[in-house]
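Student: Mind looking over this structure? Questions follow.
Please treat every number below as a calculation from the coordinates, not as lab data. Note that the structure is a prediction, hence the values are computed from the model and not measured. Virtual Cβ from ideal backbone geometry, glycine too; neighbours counted across all protein chains shown.
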Number of protein chains: 4
Amino acid sequence: MIIAIKQGATEGEVQRFTALLEKQGVKVNLSVGASQTVLGLVGDTTGIQEKSLLAHQLVEKVIRVQEPYKRANRLFHPDDTQITIAGIDGETRHIGGGYLGIMAGPCSVETRDQIIGVAQAVKQAGAGFLRGGAFKPRTSPYSFQGLGCEGLDLLIAAKKATGLPIVTELMAIHQLELFDEVDIIQVGARNMQNFTLLKELGCCRKPVLLKRGYAATITELLMAAEYIMAGGNDRIILCERGIRTFESYTRNTLDLSAVPILKKQSHLPVIVDPSHATGLSWMVPPMAKAAIAAGADGLIVEVHQNPEEALCDGEQSITPATFAGLMHTLQRYAALENRIW
Amino acid sequence: MIIAIKQGATEGEVQRFTALLEKQGVKVNLSVGASQTVLGLVGDTTGIQEKSLLAHQLVEKVIRVQEPYKRANRLFHPDDTQITIAGIDGETRHIGGGYLGIMAGPCSVETRDQIIGVAQAVKQAGAGFLRGGAFKPRTSPYSFQGLGCEGLDLLIAAKKATGLPIVTELMAIHQLELFDEVDIIQVGARNMQNFTLLKELGCCRKPVLLKRGYAATITELLMAAEYIMAGGNDRIILCERGIRTFESYTRNTLDLSAVPILKKQSHLPVIVDPSHATGLSWMVPPMAKAAIAAGADGLIVEVHQNPEEALCDGEQSITPATFAGLMHTLQRYAALENRIW
Amino acid sequence: MIIAIKQGATEGEVQRFTALLEKQGVKVNLSVGASQTVLGLVGDTTGIQEKSLLAHQLVEKVIRVQEPYKRANRLFHPDDTQITIAGIDGETRHIGGGYLGIMAGPCSVETRDQIIGVAQAVKQAGAGFLRGGAFKPRTSPYSFQGLGCEGLDLLIAAKKATGLPIVTELMAIHQLELFDEVDIIQVGARNMQNFTLLKELGCCRKPVLLKRGYAATITELLMAAEYIMAGGNDRIILCERGIRTFESYTRNTLDLSAVPILKKQSHLPVIVDPSHATGLSWMVPPMAKAAIAAGADGLIVEVHQNPEEALCDGEQSITPATFAGLMHTLQRYAALENRIW
Amino acid sequence: MIIAIKQGATEGEVQRFTALLEKQGVKVNLSVGASQTVLGLVGDTTGIQEKSLLAHQLVEKVIRVQEPYKRANRLFHPDDTQITIAGIDGETRHIGGGYLGIMAGPCSVETRDQIIGVAQAVKQAGAGFLRGGAFKPRTSPYSFQGLGCEGLDLLIAAKKATGLPIVTELMAIHQLELFDEVDIIQVGARNMQNFTLLKELGCCRKPVLLKRGYAATITELLMAAEYIMAGGNDRIILCERGIRTFESYTRNTLDLSAVPILKKQSHLPVIVDPSHATGLSWMVPPMAKAAIAAGADGLIVEVHQNPEEALCDGEQSITPATFAGLMHTLQRYAALENRIW
């Protein structure tokens, strides 16, 4: 971290400020130039906030040379993290490290027939994981809130029927005890900075699918991962799912640039959710292809037998038939990117 | 709600779609024009989502004529809601309905001396409420996370010492049992769509200070209030605290237009947080004046005896002396807006 | 266009309003429902603005069913527009309609050797067009402003040396007389709503490369194209080059979703500029691949022999060697998308 | 400007890079720390771009300590710039330096009666300047494009009838010859980075009202002013008129924080346009008050006798009666801010 000192600061002031900084556990290199005094902080600066430094009257500007995350940082962990999940069908599935993970299923679990039907269809098309919501975060208190525990039971039934590992969203810590048979715990975009929840998941030993908040920067997403990793759980899958911008044709703006950036900055696998990002089913296939081409380690896609009657997010769900066609196409893109399916 | 039907839809298709809609509890008026068929939905459409309608192949466009919130809606509750808090010092304080509520104090509770000192200073300057964080949401897991329960105890001590009602942030439901002596529960911007938390606060009988998420629309803020109100708690104070935009000079962009809009759309009181919005202490006074001029029912301001040594957010805290000067100035603005102090 | 009338409007008021609308050349269908009166406007509504209607006291809401653009609209022109350019080398090059157009070259023309050298290198790697700036829009008046007329001469020299058609930016109408030998006229992002310039280009008979403004919606981009087309010039290539969002890792956020949307809404070819969008040379290859996978009809890429010494935009320029490698890779993506090179 | 050098750079590499920098006219102070080498650039760095430096492989990060603008910078020009305009009625009007400038009038000039009528009404209410559009930038080529030269003549007639100086928008350089009797030339938001136009206005000797582009940062607005000032014209009035964000209730988001920031960074007067920012007439009064409270040096407000029949922007125009009431209220706010009317 480099601190530019304001012009006119006295030597004594700079010394006192240096002493203050060193109390925070870093070494300070002082460089006095003809017109500019610069302090270089050496050591672990992850606990020092730029913003707090700016409160000091001597400080003109601050640049952070090191990223504020450590465990999520590729610098300290050059190899790709690969998430491995042993299915109850005896198959082992991987995400990251050259493997593509494809998660598919309905926005909400609705009935036993629906979820088992979709699970069978997406498995046959080649998906590795079944997604489905039991606890649903909804903007309106008057909208369908998910089947809750019953939904979870149906999802587990679908897992048993097909062998597909399951991914579902956790909305509050107290639900964790119900998630024993869940294979990947999803943290939704609205909870990406629910720090209490993140800390709790740090103590958990299940993989976490961490969705980017729709107004979160890439650094904030990695800091959210860092919260979980700081607790000891480093099996995290990052997920780009669209950010909020002025463009209103799509629900959110899918930020595919985030894929190569996250892969460069971090060793964690990165997947993309084209369904929530665009909010439009016809856009799922082109954006899924683009995600793979940009280097994603997987996809999470909404699939529903009858989108028009879906209790939630029908406008962005594709049918099993469209999904099967998409999977067929994606294999050729995956091959170009040397991804094992 | 009005639904424009796609050209080429047959009479039978429209009838089946109408039947589907009526199952959701609304009456449908059919208008067949020469080139455009339009359905008008009559009744309570708050449970019907535009997005779900768009999944139907007959639907061209949807407009919602009624807002999706009811209890927070001024249409059904024309008079201003006023939040009244009886202080342990015998004084009764109001927010809304012509009364300004000024909340001031440090970002984080640090020590007994600090919090009691600030409390005395801001009370003397005319603040009606003491703010201070015990549980702190921080972007980095390596930053100071607040004193937790001890911080809460110190805050309560400051309340006892000065009589000022206290406002502090709740980060998780399980902390609620510790909040007995807290007067106003703050929901932070990052938790504005933590729906589990909102539902729980609906069952609570304390006023809630609900901060706008930094990427939340005005409608989403009102829907978050609706979640709490749907549970039976209608003592909510809305707070504009800046939204995320491309401009990076300020931490966030203070959206003062939200003040007259929220006052028009809702009966709930609306306050403004110029400290978090701008992130710069020198900007607090002008933006505080502007907030009152725009019609705000109050302010929440960070005040710290020694911002340079604050453990959190020092760069946006003003000193007690600056705060006292600001309060003196604000009285004249409050008078122009006919606000009782 | 559908207009929802406010409750409480009298029959006479609605009649007078209807008469006012019909004066603007549309037919109005009146639908009086039990609780909602709706007007449906039939005919050409492209000249009627939603915003102006909202000024009328009877109007509750307005939905536009038809898009406000006609000539750029795929609805009225279902087949892809293909831009064909006859090169002085006897080769004919196409963009759109199944053909990929790859434009490459430096941000700024600097010297004869530089531009001819890059032109030869990108031609050999397979580019169809040479890009290069002579007149440069720069944020600072103190930055290098381009070589101007001399730059144009050098660009034409490079065209003669290689046969590559050239693309360069026009910043003001009076420069048009210098553009005789330019093959494609570029309108930069900052001029996308310079309506005087757009109108003038409508009278011109050269293809126009129209870049999306960095805060322009997709509809506004199509309306800018409509300005040019309304003047009689329908040879327009649309270009997505990143929009401004809160994310600051990249210069702008490349909105690849715009590609399938523009292709659906319009018949015009759509290309992508990964260099300006990301502002980082290492991100050009992954985003170029993703652009093709999303359905783009081409790319415009910055290539410089020595990015470190470029007078402009060096940080986003790739070397000829990187470009050649990228082109090799892109051929396989183009094949998957059935694009002819 | 401070440059952090990447770890592992050799002494020779740093020397060569230093020599390269010094060729650009700055002196370089080298500070070699234990773990970080830092270069401090002394001298005029306004011509050096951070982005270009980042293209160099040795460069890790760059911080600009000095702002990239000079003539617009308050640092080098501590006193407020005051724009003074001598009216043909013998009255002298000021903007800035303690004086409020209030500009009012219709979006578009429509007829002689309209513009003279509004001019008389706003003058009587206390406005100092008449605004009105003759050349109109419109998103659609099919919308009313303004009366052009005829509109300009009518505006000049209104100036003669009332003595009010006039403000109107210039859309292209060639129109400049028609602007002899115009008192303040307006550059619209869409032309804020039309650098050719800005350069031309630098040679002009009339005050320029420079509107912030709706996606322009505060620094970019000041750089646009710098373009004009670099040409020798320093009579510039900056205008905040809303920025584009995700919030769609208002047309744009009025960024009132820009007012104190612009006043701190620059000596130029700053006015606010609440009409275009909000796009809603009922929001003009509260936001006008807030603008004055935030420290603005004036306002530009749309006033129309009959907003429902306005050819342009009726939904955001207030009536002369509302304007008169607003002016009455604003006097009390101006008094609190020590602004002379």
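Student: Rounded to whole Hz and in sequence order, give me ³J(HN,Hα) for the stretch C:235-241 from the Karplus expression 6.51 cos²θ - 1.76 cosθ + 1.60, θ = phi - 60°, writing x for Gly and Pro.
Tutor: With coefficients 6.51, -1.76 and 1.60, one gets 8, 10, 10, 8, 9, 7, 9 Hz.
Student: When the helices in chain C are scored as -39500 (n - 2.57) per DSSP H run of 4 or longer and the sum is shared across all residues, what 222 nm value do you end up with, to the nearest 500 deg cm²/dmol?
Tutor: Computed mean residue ellipticity for chain C: -9500 deg cm²/dmol.
Student: Can you give the mean number of other chain Cβ atoms that lie within 10 Å of the Cβ atoms in peptide C:253-266?
Tutor: Mean partner-chain Cβ count within 10 Å for C:253-266: 6.
Student: Using label points projected 7 Å from each Cα along Cα→Cβ, tell me how many nm separate C:Ala86 and B:Ala157, to one decimal.
Tutor: 9.0
Student: Using the Karplus equation 6.51 cos²θ - 1.76 cosθ + 1.60 (θ = phi - 60°), what ³J(HN,Hα) coupling, rounded to whole Hz, does each residue of the stretch D:332-341 give in order, writing x for Gly and Pro?
Tutor: Calculated HN-Hα couplings, in order: 6, 5, 4, 4, 4, 8, 6, 9, 7, 9 Hz.
Student: Put a point 7 Å out from Cα along the line to Cβ at A:His328; what are the distances to that point in the other copies, in nm, shortest first?
Tutor: The answer, with the shortest distance listed first, is 3.3, 7.5, 7.9 nm.
Student: For chain C, give me the percentage of DSSP beta bridges that are antiparallel, rounded to the nearest 5 percent.
Tutor: Percent antiparallel among DSSP bridges in chain C is about 45.
Student: Hey, got the dipole for the stretch D:2-63? About the Cα centre, +1 on K and R Cβ, -1 on D and E Cβ, debye to the nearest 20?
Tutor: So the dipole magnitude of the stretch D:2-63 works out to roughly 60 debye.
Student: Then there is this: Which one of A:Lys160, A:Lys211, A:Lys51 has the biggest mean-square fluctuation once chain A is modelled by GNM with Cα springs under 10 Å?
Tutor: Most flexible of the set in this elastic network: A:Lys51.
Student: Based on the alpha-carbon gyration tensor of the protein assembly as shown, what equivalent-ellipsoid semi-axes (square roots of 5 times the eigenvalues) come out, in whole Å, largest first?
Tutor: So the three semi-axes of the protein assembly as shown are 41, 40, 38 Å.
Student: Compare B:Gly117, B:Gly133, B:Gly242 in a GNM of chain B, Cα atoms joined below 10 Å, and give the one with the largest fluctuation.
Tutor: Answer for the Gaussian network model of chain B: B:Gly117.
Student: Also, I was wondering about something else. Across the residues of B:68-75, average count of Cβ atoms on other protein chains within 10 Å?
Tutor: Whole-number average of other-chain Cβ neighbours for B:68-75 is 1.
Student: Among C:Leu222, C:Leu198, C:Leu20, which one shows the highest mean-square fluctuation when chain C is modelled as a Gaussian network with alpha-carbon springs under 10 Å?
Tutor: Of C:Leu222, C:Leu198, C:Leu20, the Gaussian network model singles out C:Leu20 as fluctuating most.
Student: So in chain C, which Cys have no other cysteine's beta-carbon sitting under 4.7 angstrom from theirs?
Tutor: So far as the 4.7 Å Cβ criterion goes, C:Cys149, C:Cys203, C:Cys204, C:Cys239 stand without a partner in chain C.
Student: Compute the relative contact order of the stretch B:98-219 as a whole-number percentage, counting only Cα pairs closer than 8 Å that sit 6 or more residues apart in sequence.
Tutor: 20
Student: Another question, if that's okay. Where along chain C is the Cβ that lies nearest the axis linking it to chain D, and how many Å separate them?
Tutor: C:Ala215, 1
Student: Taking the Cα centre of the protein assembly as shown as the origin, how large is its charge dipole in debye, to the nearest 20, when only Lys and Arg (+1) and Asp and Glu (-1) carry charge on their Cβ atoms?
Tutor: About 0 debye.
Student: Still on this structure, I have one more. Can you check what the net charge comes to around D:Val122, using other residues whose Cβ is under 11 Å from the Cβ of D:Val122 (Lys, Arg +1; Asp, Glu -1)?
Tutor: +1
Student: Summarise the partner chain shielding of B:282-291 as one whole number: the mean count of Cβ atoms from other chains within 10 Å of each residue's Cβ.
Tutor: Averaged over the peptide's residues, the number is 6.
Student: A further question on this structure: Taking Cα pairs under 8 Å and at least six residues apart, what relative contact order does the stretch B:187-341 come out at, in percent?
Tutor: Computed value for the stretch B:187-341: 16 percent relative contact order.
Student: Given a Förster distance of 25 Å, report the FRET efficiency between C:His328 and D:Thr10 from their Cβ-Cβ distance, rounded to the nearest 0.05.
Tutor: 0.15
Student: If you don't mind, there's one more thing I want to ask. Per 10 Å bin from zero, what fraction in whole % of the C-alpha pairs of the stretch B:136-246 is there, up to the bin with the longest pair?
Tutor: Per 10 Å bin, starting at zero, the Cα-Cα P(r) for the stretch B:136-246 comes out as 14, 43, 33, 9, 0 percent.
Student: What list of ³J(HN,Hα) values in whole Hz, one per residue of the stretch C:8-14 in order, does the Karplus curve 6.51 cos²θ - 1.76 cosθ + 1.60 (θ = phi - 60°) give from phi, with Gly and Pro shown as x?
Tutor: x, 5, 8, 4, x, 4, 5
Student: Checking the a/c ratio against 1.5 first, then a/b against b/c, what shape does the Cα gyration tensor give for the stretch C:2-63?
Tutor: Prolate, since a/c reaches 1.5 and a/b exceeds b/c.
Student: Still on this model: Using Cα-Cα distances under 8 Å and only pairs 6 or more residues apart, what relative contact order does chain D have, in percent?
Tutor: This gives 16 percent for chain D.
Student: Turning to a different aspect of this structure: Say a label goes 7 Å from Cα toward Cβ at A:Gly87 in every copy; what distances in nm does this one have to the rest, shortest first?
Tutor: In ascending order, 5.0, 6.6, 8.1 nm.
Student: Now, a different point. Note the distances from D:His174 to each other copy's matching label point, with points 7 Å along the Cα-to-beta-carbon direction, in nm, sorted shortest first.
Tutor: Listed shortest first, these distances are 1.1, 7.3, 7.3 nm.
Student: So for chain D, considering every pair of alpha-carbon atoms, how many percent are separated by more than 28 Å?
Tutor: 45
Student: Continuing with the same structure: Considering only the other residues whose Cβ falls under 10 Å of the Cβ of A:Asp183, what net charge follows from Lys and Arg at +1 and Asp and Glu at -1?
Tutor: +2
Student: Would you work out if the stretch B:49-145 is rounded, prolate or oblate? Take a ≥ b ≥ c from the square roots of the eigenvalues of the alpha-carbon gyration tensor; rounded if a/c is under 1.5, else prolate when a/b is larger than b/c, oblate otherwise.
Tutor: It is oblate, given that a/c is not under 1.5 and a/b is not larger than b/c.
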